[in-house]
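Here is the structure we will look at, set down as structure tokens.
The values are calculated or read from the model by the stated rules, or taken from the named source; none is laboratory data. As the structure is a prediction and not an experimental result, all values here were calculated from the model. Ideal geometry is used to build each Cβ from the backbone, glycine not excepted, and the neighbour counts take in all protein chains shown. Just the protein is used for accessible areas: all its heavy atoms, side chains included, with ligands, DNA and RNA removed. Shrake-Rupley method; radii C 1.70, N 1.55, O 1.52, S 1.80 Å.
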Amino acid sequence: DAGVIQSPRHEVTEMGQEVTLRCKPISGHNSLFWYRQTMMRGLELLIYFNNNVPIDDSGMPEDRFSAKMPNASFSTLKIQPSEPRDSAVYFCASSLQGGGSPLHFGNGTRLTVT
Amino acid sequence: GEDVEQSLFLSVREGDSSVINCTYTDSSSTYLYWYKQEPGAGLQLLTYIFSNMDMKQDQRLTVLLNKKDKHLSLRIADTQTGDSAIYFCAEDNFNKFYFGSGTKLNVKP
């Protein structure tokens with residue numbers, strides 16, 4: 001299995017621009033998670049989906065952030081408009097819902113907003 | 001059940017054992033995990049333990065769980081320079097995963 005695939009690996013954009021991060025979960029996994037990692041706040045859960053349905057988006061910072069999962073093999077996290085404080089590494093992870101199924105992480109997208 | 005705490009740094013000499021500690025607050029968590037993060041990479045699952053177990057051993061890794069004290073530890077035997085990384089503990093509470101802040105392990109040759 002190729003694992004969780006995220007793109008792009010790096011994104012540099014200017015403040016005010018729209019940013020779209022992409023994720024392909026492991027085939028067969030039915031839960032998908034978006035995390036943000038910064039030095040100051042560590043690893044924060046933004047949103048997670050189960051069977052393509054958003055279950056908990058309480059971690060989404062504000063309305064500028066939105067996430068979709070149109071099918072079982074693809075998800076996007078969009079920031080519009082982006083701000084410098086959004087600079088972070090964004091991770092996507094997937095799992096098979098059920099006890100003892102760990103999260104499998106992608107390699108992340110490093111976002112820099114100037 | 002969202003407070004998972006770890007010390008930030010640990011420094012050991014190559015060949016010594018490393019012990020990384022973690023405390024969590026949610027007694028209903030069914031599984032607890034250890035992940036490793038190397039620079040520029042995602043979190044890689046190392047091992048996990050079911051909450052009704054006290055100990056799990058996997059080659060150089062030993063996980064100890066004290067459910068009464070809500071304390072989890074990861075022991076790495078014969079620590080190597082390649083073990084230098086950040087180690088995260090995490091608890092699984094009904095498919096919501098809560099992570100500690102990570103412990104940066106530095107292995108000196």
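Can you tell me the equivalent ellipsoid semi-axes for the protein assembly as shown? Use √(5λ) from the Cα gyration tensor, largest first, whole Å.
Calculated on Cα positions only, the semi-axes equal 30, 20, 15 Å.
Take the residue pairs A:LYS24/B:LYS56; A:LYS24/B:LYS104; A:LYS24/B:LYS68; B:LYS70/B:LYS104 and return only those whose Cα atoms are more than 27 Å apart.
The pairs that break the limit, which is 27 Å between Cα atoms, are A:LYS24/B:LYS56; A:LYS24/B:LYS104; A:LYS24/B:LYS68.
Which GluC sites (Glu not before Pro) in the range B:1-108 sit in a loop by DSSP (not H, G, I, E or B) and have at most 14 other Cβ atoms within 10 Å of their own Cβ?
The qualifying sites are B:GLU2, B:GLU14.
In whole Å, what is the distance between the alpha-carbon centres of the range A:10-51 and the range B:25-96?
Taking the Cα centre of each part, the range A:10-51 and the range B:25-96 sit 23 Å apart.
Roughly how many Å² is the accessible area per residue of chain A, as a whole number, for a 1.4 Å probe?
On a per-residue basis, 49 Å².
Using only the alpha-carbon atoms of chain A, report the extent along each of the three principal axes, biggest first, to the nearest angstrom.
Over chain A, Cα extents along the principal axes are 40, 27, 27 Å.
Need the per-residue list for the range B:27-69: every residue with at least 10 Å² less accessible surface in the complex of protein chains than in the chain by itself, probe 1.4 Å, sorted by number.
At a threshold of 10 Å² (probe 1.4 Å), the residues of the range B:27-69 that become less exposed are B:TYR31, B:TYR33, B:TYR35, B:GLN37, B:GLY40, B:ALA41, B:GLY42, B:LEU43, B:LEU45, B:TYR48.
To the nearest µm²/s, what D does Stokes-Einstein give for the range B:25-79 at 4 °C and 1.567 mPa s, using the Kirkwood radius over alpha carbon pairs as Rh?
My calculation gives 107 µm²/s for D.
Which value, in nm² and rounded to one decimal, describes the direction-averaged projected area of the C-alpha convex hull of the range A:1-51?
On the way: hull surface 19.2 nm².
Averaged projected hull area, Cα only: 4.8 nm².
What is chain B's relative contact order, in percent, from Cα pairs under 8 angstrom and six or more apart in sequence?
Taking the mean separation of contacting Cα pairs over the length of chain B, I get 38 percent.
In Å², nearest 100, what accessible area do chains B and A bury in total when the solvent probe is 1.4 Å?
Values: alone 6120 and 6280 Å², together 10910 Å².
Approximately 1500 Å² gets buried when B meets A.
How big is the Cα convex hull of chain B in projection, averaged over all directions, in nm²?
For the Cα atoms of chain B, the hull's average projected area reads 6.3 nm².
Kindly identify residues of the range B:86-109 having a loss of at least 20 Å² in accessible area between the isolated chain and the assembly of all protein chains, probe radius 1.4 Å.
The answer is B:PHE88, B:ASN95, B:LYS96, B:PHE97, B:PHE99.
Please report, as a whole percent, how much of the solvent-accessible surface of the protein assembly as shown comes from carbon and sulfur atoms (probe radius 1.4 Å).
Roughly 49 percent, rounded to a whole number.
Write out the trypsin sites (Lys or Arg not before Pro) in the range B:2-109 meeting two conditions: DSSP loop, and at most 12 other Cβ atoms within 10 Å of their Cβ. It would help to have the intermediate numbers written out before the result.
On the way: sites: B:ARG13, B:LYS36, B:LYS56, B:ARG60, B:LYS67, B:LYS68, B:LYS70, B:ARG75, B:LYS96, B:LYS104; in loops: B:ARG60, B:LYS67, B:LYS68, B:LYS70.
Filter output for the range B:2-109: B:LYS68.
Which order do A:SER7, B:SER51 take when ranked by solvent-accessible area (1.4 Å probe, heavy atoms of all protein chains), largest first?
I get A:SER7, B:SER51, largest accessible area first.
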